[in-house]
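**Student:** One structure is given below, represented as structure tokens, and several questions about it will come after.
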Amino acid sequence: MAIRGDGAGQALALPASGGEMGAAASRPDPARARQRKLPEPPPLTEHGPARVIAMCNQKGGVGKTTSTINLGAALVEYGRRVLLVDLDPQGALSVGLGVPAQQLERTVYNALMERHTTLADVRVATDVPGLDLVPSNIDLSAAEVQLVSEVAREQTLLRALDSVRDEYDYVLIDCQPSLGLLTVNALTAAHGVVIPLECEFFSLRGVALLVDTIDKVKERLNPELEISGILATMYDTRTVHCREVFSRVVEAFGDTVFQTVIQRTVRFPETTVAGQPITTWAPTSSGAAAYRDLAKEVIAL
């Protein structure tokens, strides 16, 4: 998918008057208008090598971790083998899958910083067959500093993935909410980037900076890197604000925006407490259906 950069800044600007927002209230739901029937993914006869996708946004609280967990689980339902990599020292991805990362002796930190430790050594199986996890905890915060003195420090994660790439169909990397060295490692290792974007105007303000960082990594470190898509999260069709923001995102980025939108639901906080994806905790819910649709779009890329 290619980004339509021309006019993106203008399209993402804050509305100048209430009249425009009033006009939006009378328009139909722009997300519903983009819905099309998605084809069922074809079955696989063999696995690997994995397509690596970084889930990235420097703003926190936009649904990166939730989307990483549930997209991974939905891909597994379609017969794909998936590895989730927790690249956030807060370890939210590990917690969200019920893995007590703080009690583990080895995490992704060891795979990045120790010469003879691989991702295969530190990965753990989740309760979802076919879905594995490379956990993280607060130890990873030291890697940001320690990597500075390493040779080819931006390729550290890329090298680590070599030990597991052929065993999976997808590797999803949950990035920390910053554009630091760990995030640059994820972008250098990835084939594509999924940008979860909360449907509110403050979330739009950092998109241009993130896209600029992605362009720099593509130019200097990873020529294969592309933006796979922008995922609208926390969407509430009842509010004019959400609909207006979504319309502006589509105006700026066109078909780069996934047709799937993730709506607000109380089910997502429940899944975090349960330590399960929504596809197993509430398999018939609208949230589970949305992530299955997202999986279809990702497989079709």
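**Student:** Can you list residues from other chains, or at least 5 along the same chain, whose modelled amide H is less than 5 Å from the amide H of Ile173?
**Tutor:** Distant-sequence amide H within range of Ile173: Ile53, Ala54, Met55, Val85.
**Student:** So, by mean Cβ neighbours within 10 angstrom, what's the order for 251-263, 102-114 with the highest one leading? If you can, show how the numbers build up before the last one.
**Tutor:** Details: 251-263: 20.3, 102-114: 17.7.
Highest-to-lowest ranking by the protection proxy: 251-263, 102-114.
**Student:** Shape of the chain from its Cα gyration tensor (a ≥ b ≥ c, root eigenvalues): rounded if a/c is under 1.5, otherwise prolate when a/b > b/c, or oblate?
**Tutor:** Numbers: a/c = 1.77, a/b = 1.41, b/c = 1.25.
Prolate, since a/c reaches 1.5 and a/b exceeds b/c.
**Student:** Moving to a separate point now. Around Ser178, what is the net charge, scoring Lys/Arg as +1 and Asp/Glu as -1 over all other residues with Cβ under 12 Å from its Cβ?
**Tutor:** Working: positive: Lys59, Lys64; negative: Asp88, Glu144.
Net charge around Ser178: 0.
**Student:** Could you compute the FRET efficiency for Val124 and Glu219, with r as their C-beta to C-beta distance and R0 at 45 Å, rounded to 0.05? Could the numbers behind the result be given before it?
**Tutor:** On the way: r = 36 Å, r/R0 = 0.80.
Efficiency, rounded to the nearest 0.05: 0.80.
**Student:** Please work out whether segment 162-287 counts as rounded, prolate or oblate from its C-alpha gyration tensor, where a ≥ b ≥ c are the square roots of the eigenvalues and a/c under 1.5 means rounded, while otherwise a/b larger than b/c means prolate and anything else oblate? Could the numbers behind the result be given before it?
**Tutor:** Details: a/c = 2.08, a/b = 1.20, b/c = 1.74.
It comes out oblate by the Cα gyration axes.
**Student:** Related question: If you roll a 1.4 angstrom probe over the protein chains with everything in place, what fraction of the accessible area of segment 149-261 belongs to carbon and sulfur, to the nearest %?
**Tutor:** Numbers: 2110 of 4110 Å².
Here carbon and sulfur together make up 51 percent of the probe-accessible area.
**Student:** If you don't mind, there's one more thing I want to ask. Helix-only estimate, please: 222 nm mean residue ellipticity of the chain, summing -39500 (n - 2.57) across DSSP H runs of length 4 or more and dividing by its residues, to the nearest 500.
**Tutor:** The helix contribution divided over the chain gives -11000 deg cm²/dmol.
**Student:** With a cut-off of 17 Å, note down the residues of segment 188-213 whose backbone N falls inside the zone around a label point 7 Å from the Cα of Asp255 toward its beta carbon.
**Tutor:** Output list for this probe position: empty.
**Student:** For the chain, set up a Gaussian network in which alpha carbons nearer than 10 Å are linked by springs, and say which option among Gly98, Gly63, Gly192 fluctuates the most.
**Tutor:** Gly98
**Student:** Right, another one. Placing +1 on the Cβ of each Lys and Arg and -1 on the Cβ of each Asp and Glu in the chain, which of His47, Leu119, Leu104 has its Cα farthest towards the positive end of the resulting dipole?
**Tutor:** Toward the positive end, the furthest listed residue is His47.
**Student:** Which of the lysines could a cross-linker bridge to Lys59, judged by Cα under 27 Å and excluding same-chain residues fewer than eight apart?
**Tutor:** Lys216, Lys218, Lys296
**Student:** Just how far, in whole angstrom, is segment 38-67 from segment 223-301 if you go by their alpha carbon centroids?
**Tutor:** Answer, in whole Å: 12.
**Student:** Now for a separate question. Hey, if we sort His191, His47 by accessible area with the 1.4 Å probe, largest down, what's the order?
**Tutor:** Working: His191 45, His47 85 Å².
Ranking His191, His47 by accessible area, largest first, yields His47, His191.
**Student:** Leaving ligands, DNA and RNA out of it, rank Lys59, Lys64 by accessible area with a 1.4 Å probe, largest first.
**Tutor:** Lys59, Lys64
**Student:** Does segment 78-175 classify as rounded, prolate or oblate by the C-alpha gyration tensor (a ≥ b ≥ c root eigenvalues; a/c under 1.5 gives rounded; else a/b over b/c gives prolate, otherwise oblate)?
**Tutor:** Numbers: a/c = 1.99, a/b = 1.31, b/c = 1.52.
Because a/c hits 1.5 or more and a/b fails to exceed b/c, segment 78-175 counts as oblate.
**Student:** Return the FRET efficiency for the residue pair Ala33, Glu150: r is the Cβ-Cβ distance, R0 is 41 Å, and the value is rounded to the nearest 0.05.
**Tutor:** Working: r = 49 Å, r/R0 = 1.19.
E(calc), rounded to 0.05, equals 0.25.
**Student:** Counting heavy atoms of the protein chains only and a 1.4 Å probe, report the per residue accessible area for the chain as a whole number of Å².
**Tutor:** Details: 13420 Å² over 301 residues.
For the chain, the solvent-accessible area averages 45 Å² per residue.
**Student:** Then there is this: Out of Leu44, Leu119, Leu197, any idea which swings most in a Gaussian network model of the chain, alpha carbons joined below 10 Å?
**Tutor:** Leu44
The values are calculated or read from the model by the stated rules, or taken from the named source; none is laboratory data. Quick caveat, the model's predicted, so the values are computed rather than measured. Note: ideal-geometry Cβ built from the backbone for every residue, glycine included; neighbour counts use all protein chains shown. Note: accessible area is taken over every heavy atom of the protein model, side chains too, but ligands, DNA and RNA are not part of it. Shrake-Rupley method; radii C 1.70, N 1.55, O 1.52, S 1.80 Å.
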